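One structure is given here, and the rest of the page talks about it.
The values are calculated or read from the model by the stated rules, or taken from the named source; none is laboratory data. None of these values were measured; they are calculated from a predicted model. Glycine also receives a Cβ, built like all others from the backbone with ideal geometry; neighbour counts cover every protein chain displayed.
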Amino acid sequence: MVTSGMSWPWCMNCCHKAFVSTDRAATPEVLEALHRSGQLSPAAFARALSLSCASPSAQRWRRLLDWLLLGLGVTLLLVGVVLLVAFNWAALPAFVKLGLVAALITSAAFGAWHFDLSTLPGRLSLTGAAVLIGPLLAIYGQTYQTGADPWQLFLAWAALGALWAVISNFAPLQLIELVLVDVTFALFWEQVGSPEDSWRSTEATMTLVLGGLQLLAWAGAELGAHRGLDWLQGRWLHRLLAVATLGLFGATCAPVVVGSSSEHPAEYVGLLALIALLVAMFAYFTQVKRDLFMVAAALAAAMSLITFSFGRVLLEHHVDVGEVFVLGVFIITEVGSAAWLLRGLHRRWEGSR
């Protein structure tokens, strides 16, 4: 709430100067950064935050609906092309198969140029063109029997779409490119891999490396957002990459935690990496960049790790009602403590605004 000593025009003028100097979207994260740097007074920060978080107008709701329907339409079009070719595979001549997909890629690329990459239709058109590269390569390989392995198909797909992903400044296309890289690596590991007697040939090592790739992508997204890239200001991509990283590191060290006999060096590395990541997440997202979702994700991963470890020790030799009861009380205590901590953080952050 703006105090009586601060006029409304002054508040708006302060916010206007701050955003002109930074040229960034008025997200709560940007407002908080401006407030912490001294460019926004507490009163101006509170008013700007209330304006940026206000309920969207009917026009903005219609715009969101237009975007959702446009995205759904592009997705259904891509799925329809794939199903059309797959269902009529034997009846369609090779030239028709390749020509149909190539024509759609050309049309989508032209649409991206026509609408401009600064608009959502342009970015979705470019995304459609990048996605259709895969079916085109698959049709070519099946028609002329190139003998390429699946990992080579995904590698070519990722390589041909990499430039479009870079120039698009579109998070969904960047995510698709990352998925292609992950699939390429996983297929290469399974089909080529390492000698059977090498510790590098295990799935734990593959999962650990995949977790490292997600961690690098996540760090790049956080760095881009910190440097003011507008297309990385939204938090959904960062949170998705964080969950993927935690899940892959957790899957790597799971045999060590639950006491499996397949313990491996990569599993211990994954455990150390997960613990270090949890500590770093809690410190960074409570002290540097406030993000309650990230803190909750770190707490959930930490509770899973602690619960499985405690349960392993408690139930290692035999299971009876008393031990199960103790484990249940332990889990309830964990969840209650995490909820208390998250509520406390939320109240403290709201009070500091």
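Between GLY80, GLY147, GLY111, GLY128, the distinction of being under 22 Å from LEU180 (Cβ atoms), crowded, with 19+ Cβ neighbours inside 10 Å and not β-branched (Val, Ile, Thr) belongs to GLY128 only. Only one of the listed residues (LEU277, LEU299, LEU342) is over 20 Å from the mean Cα position of the chain (by Cα), part of a helix (DSSP H, G or I) and modelled with pLDDT of 85 or more. That residue is LEU342.
For the range 144-155, the criterion of a residue being free of Cβ contacts under 8 Å to residues at least 40 places away in the same chain and closer than 30 Å to LEU229 by Cβ is satisfied by at least one position.
Comparison of ALA138, ALA158, ALA129 shows that the only residue that is touching a Ser or Thr at 6+ places or on another chain (Cβ under 9 Å) and farther than 19 Å from ALA217 by Cβ is ALA129. Of all residues in the range 297-316, those that are surrounded by fewer than 17 Cβ atoms within 10 Å (Cβ to Cβ) and either within 28 Å of TRP349 (Cα to Cα) or small (Gly, Ala, Ser) (or both) total 5. In the range 323-334, the qualifying residues are those that are touching a helix residue (DSSP H, G or I) at 6+ places or on another chain (Cβ under 7 Å) and not charged (D, E, K, R), and the one that is nearest to ALA300 (Cα to Cα) is ILE331. In the range 220-240, how many are under 15 Å from LYS289 (Cβ atoms), of a type in the set (A, V, I, L, M) and in contact with a Leu (Cβ under 8 Å, 6 or more places away or on another chain)? Going through the range 220-240 one residue at a time, the tally reaches 3. Residues in the range 96-117 that are aliphatic (A, V, I, L, M) and outside any helix (DSSP H, G or I): LEU117 only.
Residues being part of a helix (DSSP H, G or I), closer than 30 Å to PRO42 by Cα, out of contact with any strand residue (DSSP E or B) (no Cβ under 6 Å at 6 or more places or on another chain) and not aliphatic (A, V, I, L, M) are entirely absent from the range 315-329.
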